[in-house]
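Visitor: Before we start, here is the structure in question, set down as structure tokens.
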Amino acid sequence: MAYVSIADRDHEIEHHDPQTFITKYVWSQDHKVIAIQYGVTAIFVGIVALVLSVLMRLQLGFPDSFALINPENYYQFITMHGMIMVIYLLTALFLGGFGNYLIPLMCGSRDMVFPFMNMLSFWVYLLSVIVLLASFFVPGGATGAGWTLYPPQAISQGTPGIDWGILTMLGSLALFIVAFTMGGLNYVVTVLQARCRGMTLMRMPLSIWGIFIATILGLLAFPALLVSAVMMLFDKLVGTSFFMPAMVSAGEQMGTGGGSPVLFQHLFWFFGHPEVYIVALPAFGIVSDLLATHARKNIFGYRMMVWALLAIGGLSFIVWAHHMYVSGMNPYFGFFFATTTLIIAVPTALKVYNWVLTLWQGNIHLRVPMLFAIGFVFTFTHGGLTGLFLGNVTIDLPLSDTYFVVAHFHMVMGVSPILVVFGAIYHWYPKITGRMFNETLGRWHFWLTFLGTYSIYLPMHYLGFLGVPRRYFAMGNTDFMPESAQTLNAAISVTVIFVALVQLIFLYNMIVSLRNGKKADPNPWGGASLEWQTPDTPPKHGNWGHELPVVHRWAYDYSVPGQEQDFTPQTVSADEVPVGRDHGMEH
Amino acid sequence: MTITLVFLGAIMVTVISWLLKQTLNTEPWVSDPAADAVSGTSLDTSNKTMGLTTFLAVATSIFALFISAYTLRMQEPDWRPLAEPALLWFNTAILVLASIAYHWTRNAAVSGNTARLKPGLLISGVLTIMFLGGQLIAWQQLIAGGFYVWTNPANAFFYLLTAVHGVHLLGGLWVWARCTTKVWTGAEADSVRLSIELCTVYWHFLLLVWIVMFGVLLST
Ligand code: HEM
Ligand SMILES: [Cu+2]
């Protein structure tokens, strides 16, 4: 055992219960409050991004019917939509939101190890969001470079927002990275150093493993985005030519020359691919816990799940150029990166098998969180399979930059993680708020969202096969696109509006249940992991009252044969487990 | 990108192999009294040390990526190597001395020698500020010679790399300033020991980064 058995480090955590409203809810250093601040901010910008997507779909479904959408706006909407969804919503929500809430509670700590830095992390994140949203109001508007921000077009005439928009975008990204780094140091050190007694690494719930490894990926990958952002700022502000090639613009020779746009793509995707796993790994972890809890079964192949997370994390750093098959890079690279890309599918597929095998013969309770978790298994499998297509160079060449790619990444990184986000919110809502949500509304929300998003993205694969290009404001009159492609586009757009409105059910449910929901049982789903065993619901500052919990088992003792209850909390020792049916268990 | 990959590969291999070692040969579903007694602290160091170590991994990633970008951009035909000012050798020597001075201060803090902290911190700080000043003068010399940021990518990288390194040192100086204030207002060696130890590690790290960077700049 490489663990060091030294005395509890309780004394490192100070107990100054916050007194005033301001220190309790605004300048709070409590991980739970910070988690909620992160979560609410992320969902708020997420809604902005959702509205942007509706605007884009209005144009695509009903070209030129809306005066307020012109090509310029359209590009700005695309860019902001993509960037917000990937970074400011999903990354922030999974790591800043769920990471903050779950790590101390599931590991049995009182708080993060550096609470002040944790608080700072949120405020810098909020600042980055404000700077980002300010983009819309600066002269020239937001940048329209696409979320990938490729130079030279990101800072050349013809692209919207090349003056202020791109600056606010790059500045906001830099702030976000600073915020993430401060949070990330907390998450890593807390998981490694501040668990409670008995919580060995291999007794941690998979949610924590997913968040932990995603954080490591983020800490190593976000620097690539920072480096490319800084170099682009130089190109834009100082007139260097890191990325800018010699260009003639409007008949005029520009001052730049010799720069390498492909260099930017390498840097961007060196961040960009790990980024998709920064979002995916927490979702993988959380969904594993939802499936196990609601199927009343231990997660199938726990160790394999951990190793698969590690393998995916490591491999995700050597597949980035599969986004660049058409960039004009050395063709031999394509061979290498196609190989690594297909290898990463192996641990990914293992995870999918294990989820399905967890459900196999489980005592499945189709409650709202479980519906979302099972929905995820479908959409993720679907998106992963199309990834295998795109990973092959020869198949990717014709499909690149078509709606097939849009369909792929929305299935895999749009719909799937969002389903997990919803599932996770429903799952932990009783713990976070102390109230139950409305089950019926939750079911409606699931079915309409799941079927709705499926009917949005499934047809997009066909559009992609036809060759309908992505990021086009209007398709024009071309031979290869039949009339029906436009009909399909209109149908998709109508569905989008519908699905967007359905999210109001969710918001309504969450807000109204805060007051009117029935009081929640401390452990409504019969969860075995630590966060369900807190002395108070919602947990108070310091989480555990006077004494830290002690862990005696892993987080998946569900339906153990011969035991009276169908779950055994992690805090129950081997001698305390009630056998047979003589008495119920209290905690 | 090879350089970044080597660096990140090394970090990743360390992290993953350590985690694998922790996770192999365990059967978490079996009740294990030995595991029940294990404390939830994986490594026998303070949280702050772990925090700094993690941050150094992030900083390594940043510098490795910049150097990778440098080596890739270098291959384009418009690259004109920059003749680095000789002053940089002098600056390097100063930074080495700053590192040594910090180490000397650290030894004092570890052995509880409060009296030596003041001179130690003062010398380390002054040397570091001298290094930064020297870097600024090197910039001025280049500008005076007509080597502006935008004239050639080699110049641009020179300014960029030195600036990024300098910003990291400035961050270190902020911690240094807080610690020095404490010492001046009468703090004992014990209470600032961890801070000084961590600063020393950070200074050594930035010295190493500088030497690698200077080597890359000189050889190209
Ligand atoms: C089996 C695993 C996967 C494979 C083989 C794969 C492969 C690919 C390939 C080759 C592309 C480039 C397509 C093109 O631009 O021509 C791509 C795009 C993309 N993938 Fe995946 N992928 C996989 C899983 C994932 C996952 C898990 C996520 C996110 C959670 C993801 C998110 C994305 C995104 C966001 C893009 C589009 C980026 C852009 O151009 O804006 N992929 N994928
Ligand atoms: Cu990728």
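Visitor: Got at least one residue in segment A:303-319 being among the aromatic types (Phe, Trp, Tyr), touching a residue at least 60 places away in the same chain (Cβ under 8 Å), more than 10 Å from ligand 1 (Cβ to nearest atom) and farther than 30 Å from A:ARG203 by Cβ?
Guide: no
Visitor: When you look at A:MET202, is it touching a Pro at 6+ places or on another chain (Cβ under 6 Å), closer than 30 Å to B:ALA34 by Cα, in contact (Cβ under 8 Å) with a residue 40 or more places away in the chain and more than 16 Å from ligand 1 (Cβ to nearest atom), yes or no?
Guide: It is true that A:MET202 is touching a Pro at 6+ places or on another chain (Cβ under 6 Å), closer than 30 Å to B:ALA34 by Cα, in contact (Cβ under 8 Å) with a residue 40 or more places away in the chain and more than 16 Å from ligand 1 (Cβ to nearest atom).
Visitor: Right, next: The conditions are (1) part of a helix (DSSP H, G or I); (2) away from ligand 2 (no atom under 14 Å from the Cβ), and A:GLN361 fails exactly one of them. Which is it?
Guide: (1)
Visitor: Another question, then. Filter segment A:196-206 down to residues that are within 7 Å of another protein chain (Cβ to nearest Cβ) and farther than 13 Å from A:GLN570 by Cα, then give me how many there are.
Guide: Count: 1.
Visitor: A follow-up question, please. Would you mind finding the one in A:SER135, A:SER156 that is touching a strand residue (DSSP E or B) at 6+ places or on another chain (Cβ under 8 Å) and surrounded by fewer than 24 Cβ atoms within 10 Å (Cβ to Cβ)?
Guide: Of A:SER135, A:SER156, the one residue that is touching a strand residue (DSSP E or B) at 6+ places or on another chain (Cβ under 8 Å) and surrounded by fewer than 24 Cβ atoms within 10 Å (Cβ to Cβ) is A:SER156.
Visitor: Is there a residue in segment A:487-507 that is in a loop (DSSP other than H, G, I, E, B) and in contact with a Leu (Cβ under 7 Å, 6 or more places away or on another chain)?
Guide: no
Visitor: Moving to a separate point now. Report yes if some residue within segment A:161-174 is buried (at least 19 other Cβ atoms within 10 Å of the Cβ) and in a loop (DSSP other than H, G, I, E, B); otherwise report no.
Guide: yes
Visitor: Where residues in segment A:287-332 are away from ligand 2 (no atom under 16 Å from the Cβ) and assigned to a loop (DSSP other than H, G, I, E, B), which of them is nearest to the other protein chains (Cβ to nearest Cβ)?
Guide: Only one residue tops the list, namely A:ASN298.
Visitor: Taking B:THR92 as the residue in question, decide whether it is more than 11 Å from chain A (Cβ to nearest Cβ) and crowded, with 21+ Cβ neighbours inside 10 Å.
Guide: no
Visitor: Consider A:ILE286 against the criteria (1) without any contact (Cβ under 8 Å) to a residue 40 or more places away in the chain; (2) away from ligand 1 (no atom under 12 Å from the Cβ): it satisfies all of them except one. Which criterion is unmet?
Guide: Among (1) without any contact (Cβ under 8 Å) to a residue 40 or more places away in the chain; (2) away from ligand 1 (no atom under 12 Å from the Cβ), A:ILE286 violates only (1).
Visitor: To continue, here is another question. Please specify each residue of segment B:11-44 satisfying the condition of being at the interface with chain A (Cβ under 8 Å from one of its Cβ atoms), surrounded by fewer than 21 Cβ atoms within 10 Å (Cβ to Cβ) and of a type in the set (Ser, Thr, Tyr).
Guide: Scanning segment B:11-44 gives B:THR23, B:THR26, B:SER31, B:SER39.
Visitor: Considering only segment A:228-256, state which residues are at the interface with chain B (Cβ under 8 Å from one of its Cβ atoms) and aromatic (Phe, Trp, Tyr).
Guide: If the condition is that a residue be at the interface with chain B (Cβ under 8 Å from one of its Cβ atoms) and aromatic (Phe, Trp, Tyr), then A:PHE234, A:PHE242 are the ones that fit.
Visitor: Any chance you could count how many residues in segment A:261-277 are buried (at least 24 other Cβ atoms within 10 Å of the Cβ), among the hydrophobic types (A, V, I, L, M, F, W, C) and near ligand 1 (Cβ under 9 Å from one of its atoms)?
Guide: Within segment A:261-277, residues that are buried (at least 24 other Cβ atoms within 10 Å of the Cβ), among the hydrophobic types (A, V, I, L, M, F, W, C) and near ligand 1 (Cβ under 9 Å from one of its atoms) number 0.
Visitor: Continuing with the same structure: Out of A:PHE66, A:PHE77, A:PHE62, A:PHE98, I need the residue that is under 27 Å from A:ARG553 (Cα atoms), more than 16 Å from ligand 2 (Cβ to nearest atom) and more than 14 Å from chain B (Cβ to nearest Cβ). Which one?
Guide: It is A:PHE98.
Coordinate-derived values only; no laboratory data. As the structure is a prediction and not an experimental result, all values here were calculated from the model. Reconstructed Cβ throughout: ideal geometry from the backbone, glycine too, with neighbour counts over all protein chains shown.
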